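Down below is the structure, laid out as structure tokens.
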Amino acid sequence: MIQLPGRVKSVKPTFQADSFTCPHCGVFSQMTWSETQANGSNNSERICLSKCESCDRFAIWTAFLTYNSDRRANWNATLVHPRSAKHQPHDQLPADVKRDFEEAANVLSFSPKASAALLRLAVQKLIPHAGETNSNLNEAIKSLVSKGLSPQIQQALDIVRITGNNAVHPGQMDEKDISEIADALFEIINLICEEFIAKPERIKSLYERLPSESLKQIKRRDAN
């Protein structure tokens with residue numbers, strides 16, 4: 001799996017594990033488990049719940065009893081809700097972009113191509129928050145670069161743009177590469193949100209808390 005430098009590794013949800021990264025809140029937490037026999041089953045199927053001690057929300061699992069070559073019994077379990085267990089949107093991601101992000105997370109496990117295409121759409125919707133109105137994503141990135149966009153964010157935008165484009169054009173990228181890169185695109189979307197929305201909002205909030213006289217002095221300074 002591709003991981004960005006400095007990325008905190010999450011602990012994958014595991015059936016009957018005492019603790020892992022919650023698929024709802026994204027916090028590493030203790031879990032409590034309960035189960036029920038599936039209606040009409042012959043003791044070989046279970047519906048199980050894991051409850052996060054951090055957010056008090058439940059994840060739903062299905063478990064089937066299987067036997068290995070020496071007839072030892074094992075439970076083969078699948079997390080069925082929520083579908084995505086690792087990718088959480090930035091808390092300042094706009095609602096329409098967040099919907100695309102979450103849909104991309106839900107389809108990632110069975111269609112990395114669809115996931116990458118949805119995240120490209122998410123980037124398209126983030127571009128106006130950087131003050132760029134060009135509807136052509138490639139041209140919009142070019143314009144932002146001419147206005148001083150950092151090379152790192154330019155690269156992040158182009159990673160999502162190219163991967164999303166190639167995901168819907170056969171033969172442009174190796175499918176294994178698309179699968180691995182698609183997994184990393186979620187963090188890239190959050191990094192872009194941080195740069196375009198969160199950082200400016202924090203700076204604006206701090207700036208507006210300066211003394212009014214200081215703000216007037218700055219205005220006079222910049223008018224000259």
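Close contacts from the stretch 110-123, counting a first residue that is free of Cβ contacts under 8 Å to residues at least 60 places away in the same chain and a second that is in a loop (DSSP other than H, G, I, E, B), with Cβ to Cβ under 6 Å and a gap of 6+ residues or different chains, come to 117/168.
For the stretch 1-35, name all the residues that are at pLDDT below 75 and surrounded by fewer than 14 Cβ atoms within 10 Å (Cβ to Cβ). Those that are at pLDDT below 75 and surrounded by fewer than 14 Cβ atoms within 10 Å (Cβ to Cβ): 1, 2, 3, 4, 5, 6, 7, 8, 9. With respect to being outside any loop (DSSP other than H, G, I, E, B) and either modelled with pLDDT of 90 or more or not assigned by TED's automatic domain parsing to the domain that holds residue 183 (or both), residue 54 falls outside the description. Would you confirm whether or not the stretch 83-97 contains a residue that is assigned to a loop (DSSP other than H, G, I, E, B), in contact with a strand residue (DSSP E or B) (Cβ under 9 Å, 6 or more places away or on another chain) and not acidic (Asp, Glu)? Scanning the stretch 83-97, I find at least one residue that is assigned to a loop (DSSP other than H, G, I, E, B), in contact with a strand residue (DSSP E or B) (Cβ under 9 Å, 6 or more places away or on another chain) and not acidic (Asp, Glu), so the answer is yes.
Residue by residue, here is whether (1) part of a helix (DSSP H, G or I); (2) outside the structural domain of residue 125 (by TED's automatic domain parsing); (3) over 16 Å from the mean Cα position of the chain (by Cα) holds:
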| residue | (1), (2), (3) |
| --- | --- |
| 179 | yes, no, no |
| 182 | yes, no, no |
| 185 | yes, no, no |
| 188 | yes, no, no |
| 193 | yes, no, no |
| 196 | yes, no, yes |
| 199 | yes, no, yes |
| 203 | yes, no, yes |
| 213 | yes, yes, yes |
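Could we say that residue 116 is touching a Ser or Thr at 6+ places or on another chain (Cβ under 6 Å), among the small types (Gly, Ala, Ser) and outside any loop (DSSP other than H, G, I, E, B) here? Yes.
Residue-level check: of (1) of a type outside the set (S, T, N, Q); (2) at positive phi; (3) in a helix (DSSP H, G or I), residue 159 misses just (2).
The values are calculated or read from the model by the stated rules, or taken from the named source; none is laboratory data. Since the model is a prediction, treat every value here as computed from it, not as a measurement. Virtual Cβ from ideal backbone geometry, glycine too; neighbours counted across all protein chains shown.
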